[in-house]
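Taken together, the values in this text are just the output of simple stated rules run on the coordinates, not laboratory data. Keep in mind the model is a prediction, meaning the values are calculated, not measured. All Cβ positions, glycine included, derive from the backbone under ideal geometry; neighbour counts span all protein chains shown.
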Amino acid sequence: MTRLLRTLPAVTAAALLLAACGTTEPAAKDSEKSTDAITLTDATGAEVELDGPAEKVVGTEWNVVESLVSLGVDPVGVADVKGYRAWDTAVPLTGEPKDIGTRGEPSMDTIASLKPDLIVATSDLPPAAVKQLREVAPVLAVRSADGAGQIDQMLENVDLIAKATGTTDRAGTLKKDFDAKLAEGSKALADAGLDGEKIAFADGYVTSNQVSVRPYTGTSLIGEVNERLGLKNAWKQKGDEAYGLAATDVEGLTGLGEVQFAYIGSDKDPNSDPFGNQLAKNSVWKSLPFVKSGDVHRLPDGIWMFGGPGSMSAYVDALVAALTK
């Protein structure tokens, strides 16, 4: 699995530029399971018409797949099934979906063979690909990320997918549980005297023996979650407009000072944990205050950094446990 496919929606890895959503009539609720037609307006402004709540659904990106599974909908098709199972165990696939290809280039033929009621895509997918998908089945495109409000966008996406699948009751529960998780985590950190603690979350990777570090600034999804927990983002770099991500190297970590440094890697990707492996003997890394003080926290595998309420709730639990141990 390549680094770019691992950490970002595949299309935006090359250029982090994204192109909200609303409804024109109410969709079915879980308790009713109405067969009435549903009309939605997606993130591209396109009107999406369904004969009723979609049941056979394909997801072209991991964040929408996570939302579907969280809503109790087992997708019949998923992009890069193996990758999802490696990087998102917080909300594991419960069925046996067909692999539809990569997230950046889903197979139109494979998707067509599934005869889906709905294809849930993201604004990361090129418009030409979305146009092709619309020839196969109705396509609901959601906006993957918004640096002006990541949590709001995440929950808006859940709501839109829920309206398309008749699972609005389940969506309400997901959002309520997520709010409760944030409150619980914030209290636990405050009780431990960590309110206002500086944190730097990043991921790292190795390409051709070169270590790269990607800071998750305050406008990233994880950055927003950290701030909702009462923590202060220590990164000084400005993130991109969509995902709130920046770029640096090990020398760029020297300006952080005394912070809590957290990251997520994967045992299934040997290049995803330079902090615990390749940098172990690096003099710059070893000289950093947070390395010397033992405030480097590798969080558990399987928490998707660009996921939905399920992954973010798992992140809260993992971070609180790491900082309060």
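Site pair Glu96 and Ala183 shows an inter-label distance of 4.3 nm when each label is modelled 7 Å from Cα along Cα→Cβ. Only lysines eight or more places from Lys163 in sequence, or on another chain, were considered; those with a Cα closer than 23 Å are Lys29, Lys33, Lys56, Lys115, Lys131, Lys175, Lys176. For the chain, the fraction of alpha-carbon pairs lying more than 36 Å apart is 19 percent, rounded to a whole number.
Whole-Hz Karplus values for region 82-94 come out as 4, x, 4, 5, 7, 10, 9, 9, 5, 10, x, 5, 9 Hz, taken residue by residue from phi with 6.51 cos²θ - 1.76 cosθ + 1.60 and θ = phi - 60°; glycine and proline positions read x. Determine, from the Cβ-Cβ distance of Lys286 and Asn209 and an R0 of 25 Å, the FRET efficiency 1/(1 + (r/R0)^6), rounded to the nearest 0.05. After rounding to 0.05, the efficiency reads 0.85. Straight-line cross-link reach from Lys82 at under 16 Å between alpha-carbon atoms covers these lysines, not counting any fewer than eight positions away in the same chain: Lys98, Lys268.
Segment Thr39..Ser107, full-extension length gain: 21.8 nm, with 0.36 nm per residue of separation and the alpha-carbon distance subtracted. Here the chain is assigned +1 on the Cβ of each Lys and Arg and -1 on the Cβ of each Asp and Glu. Its dipole about the Cα centre then comes out at about 1000 debye. Working note: Debye formula, equal point scatterers on the alpha-carbon atoms of region 105-235, no solvent; log10 I(q)/I(0) at q = 0.15, 0.20, 0.21, 0.23 Å⁻¹ is -0.93, -1.13, -1.16, -1.24.
FRET efficiency for the Glu241 to Glu55 pair, using the beta carbon distance and R₀ = 22 Å, is estimated at 0.05.
Enumerate the lysines that Lys292 could reach by cross-link, defined here as Cα to Cα under 17 Å, with residues fewer than 8 away along the same chain left out. Straight-line reach from Lys292, under 17 Å: Lys198, Lys281. In terms of overall dimensions, the C-alpha atoms belonging to region 202-272 reach 36, 26, 25 Å along their principal axes, ordered largest to smallest. Normalised by 2.2 N^0.38 Å, where N counts its residues, the alpha-carbon radius of gyration of region 178-324 equals 0.99. Shape annotation for region 35-139: C-alpha extents along the principal axes are 34, 30, 25 Å, from largest to smallest.
You can think of it this way: the chain between Asp191 and Lys232 has 13.1 nm of extra reach, that is 0.36 nm per residue less the Cα-Cα gap. Using only helices, what value at 222 nm comes out for the chain when you add -39,500 (n - 2.57) per DSSP H run of length 4 or more and divide by the total residues, to the nearest 500 deg cm²/dmol? Estimated from H runs of four or more residues: -10000 deg cm²/dmol.
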